[in-house]
Amino acid sequence: MNTNTIHSLNQITISRSALLHNFRLCKELAQGAPLLPLVKADAYGHGLLDCARIFAKEGVAAFGVAEVVEGVRLREAGFTEPIFVLAGVIPQTLETIITYDLTPVVVDKALFPELSRLAGKYQKTVAVHLKLDAGMGRQGILPKDFAQVVEILEQTDHLQLAGVMAHFPMADDPSSDNSSKVLATFTETTDKLDTVQRRKCCLHLANSGGLFYVAGAQLNMVRPGISLYGYYPDGDQGRGNASAPLLQPAMRFSTQVIQVREVPRGHGLGYGHLFTTTRPTTIAVLPVGYEDGYLRILSNRAQVLVNGQRAPVVGRISMNLTLVDVTDVGSVHVGDEVVLLGKQGDAEITADDIATWMETINYEVLCLFGNLNDRKLVD
Ligand SMILES: *Cc1c(COP(=O)(O)O)cnc(C)c1O
């Protein structure tokens, strides 16, 4: 038997039409600024190459990845767009960056000499995007040092300033005044630099929160991530406040019932007897567990969809097994589809629901589920 044709009972599907819808919605909000879709983390669990192909067809300015290895994957698959490496640009990775024509986001002038030496070796001019710490406080050059760093860059052979970027720390909170301060710091710092004007540098700042909630943050390019995959950076609140058309979640996670059991009242369920039945109960057993990203914290908390209705997870989630109380959702059989994330009939469980049960954010749910399970692109 060819194992390529045998699939896990746990299946992630990614909706092409949802991705397209979200891309077009982001493009509209960008008001003419081109998009740099973030496809790091295997496109937030949605599949790097599939998503990049879909977005590329719609027209992108560039792609954003975290590590060099992801950029190499895109190049080897034939992508010719600029690819921004947002993290892991260190002396050890520079040669790969140059030979694969990746665009380094540089956070420290200490990198210039080695970058210049290697660019010279390959007889290339490297387009550098500098990261300004306009308030994120994570990486980047402080505003007070920025002009000097740009000057050093300009005097370094084989390197050319192509863009300046920064990142919003609180753009997912529309009520915070932090974002307008970051935007002001960014604009003030870049406005006074001749080089930025002379070289017509690409200025970019907006993540999804910036794109959706910060007026005037589009600048020369926008960098949406989570919104392309159908979620608001502020989760349920964002969805609740948004006006139509809404973003469409692209990921669905389903499994199948592997056993249906009748257990009596007072029956302890699973490891630690975290749940004891209080009535004669019908339990559906699912072949999913924490190894699939369905983490233990969801024990006794999560709900799933069976027969188009919500049913509670009962007892401890184990490595490969989860129990669901299906007493109240009609008849259930081995092989029936159970939806952990996404729609079934009129019911829906979103990554925001799951994030609430997991005490985290939708981003983490998508990365976990998408990157730990078999995945297939549909429609
Ligand atoms: C991940 C990332 C983004 C996208 O953020 P979302 O909140 O997912 O839209 C934008 N810019 C940078 C630098 C990032 O690392």
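The values are calculated or read from the model by the stated rules, or taken from the named source; none is laboratory data. Just so it is clear, the structure is predicted and the values come from calculations on it, not from any experiment. Using ideal geometry, Cβ is built from the backbone for each residue, glycine included, and neighbour counts are taken over all protein chains shown. Please note that ligands, DNA and RNA were not included when accessible areas were found on the heavy atoms of the full protein model with its side chains. Shrake-Rupley method; radii C 1.70, N 1.55, O 1.52, S 1.80 Å.
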Based on this model, can you work out whether LEU161 counts as away from the ligand (no atom under 16 Å from the Cβ), in contact with a Lys or Arg (Cβ under 8 Å, 6 or more places away or on another chain) and closer than 15 Å to HIS204 by Cα?
yes
Please state which one of LEU219, LEU205, LEU183 is open to solvent by 20 Å² or more (accessible area, probe 1.4 Å), more than 18 Å from ASN362 (Cα to Cα) and within 13 Å of the ligand (Cβ to nearest atom).
LEU219
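Suppose we filter the range 126-155 for residues that are assigned to a loop (DSSP other than H, G, I, E, B) and either surrounded by 20 or more Cβ atoms within 10 Å (Cβ to Cβ) or under 31 Å from the mean Cα position of the chain (by Cα) (or both); how many remain?
Residues meeting the conditions: 9.
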Against the definition (over 15 Å from ASP173 (Cα atoms), in contact (Cβ under 8 Å) with a residue 40 or more places away in the chain, more than 10 Å from the ligand (Cβ to nearest atom) and touching an Asp or Glu at 6+ places or on another chain (Cβ under 8 Å)), how does THR195 come out, yes or no?
yes
Only listed residue being touching a Leu at 6+ places or on another chain (Cβ under 7 Å) and farther than 26 Å from THR185 by Cβ, chosen from LEU118, LEU159, LEU130, LEU102:
LEU118
Residues of the range 75-99 being open to solvent by less than 70 Å² (accessible area, probe 1.4 Å), at negative phi and not in a helix (DSSP H, G or I), in sequence order, are ALA77, PHE79, GLU81, PRO82, ILE83, PHE84, VAL85, LEU86, ALA87, VAL89
When residues of the range 278-289 are limited to those that are in contact with a Lys or Arg (Cβ under 8 Å, 6 or more places away or on another chain) and farther than 23 Å from ASP346 by Cβ, the one surrounded by the most Cβ atoms within 10 Å (Cβ to Cβ):
ILE283
Exception for CYS26 within (1) within 16 Å of the ligand (Cβ to nearest atom); (2) open to solvent by 10 Å² or more (accessible area, probe 1.4 Å); (3) over 19 Å from VAL126 (Cβ atoms) falls at (2)
Conditions (1) more than 16 Å from the ligand (Cβ to nearest atom); (2) in contact with a Ser or Thr (Cβ under 6 Å, 6 or more places away or on another chain); (3) of a type in the set (A, V, I, L, M) -> ALA244 fails only (2)
What pairs come out if I take residues in the range 80-100 that are more than 13 Å from VAL69 (Cα to Cα) and pair them with residues that are within 16 Å of the ligand (Cβ to nearest atom) and in a strand (DSSP E or B) whose C-beta lies under 8 Å away, six or more apart or interchain?
GLU81/PHE63; PRO82/PHE63; PRO82/THR103
Go through the range 164-180 and give me each residue that's within 12 Å of the ligand (Cβ to nearest atom), open to solvent by less than 30 Å² (accessible area, probe 1.4 Å) and within 21 Å of LEU102 (Cβ to Cβ).
MET165, ALA166
Among VAL182, VAL263, which is the only one that is farther than 22 Å from LEU36 by Cβ, among the hydrophobic types (A, V, I, L, M, F, W, C) and touching a residue at least 12 places away in the same chain (Cβ under 8 Å)?
VAL263
Which helices (runs of 4 or more DSSP H) sit wholly inside the range 184-266 and have at least 1 residues that are outside the structural domain of GLU337 (by TED's automatic domain parsing) and within 30 Å of GLY293 (Cβ to Cβ)?
208-213, 235-241
Report, by residue number, each residue of the range 59-74 that is in a helix (DSSP H, G or I) and open to solvent by less than 50 Å² (accessible area, probe 1.4 Å).
VAL68, GLU70, GLY71, VAL72, LEU74
Just for strands (runs of 3 or more DSSP E) wholly inside the range 290-379: which have at least 2 residues that are out of contact with any Lys or Arg (no Cβ under 8 Å at 6 or more places or on another chain) and either open to solvent by 40 Å² or more (accessible area, probe 1.4 Å) or outside the structural domain of LEU274 (by TED's automatic domain parsing) (or both)?
309-312, 374-378
Those residues of the range 61-85 which are over 27 Å from LEU341 (Cβ atoms) and within 15 Å of the ligand (Cβ to nearest atom) amount to ALA61, ALA62, VAL68, GLY71, PRO82, ILE83, PHE84, VAL85
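Condition check: among the charged types (D, E, K, R) and more than 16 Å from the ligand (Cβ to nearest atom). Does GLU95 satisfy that?
So GLU95 fits the description; yes.
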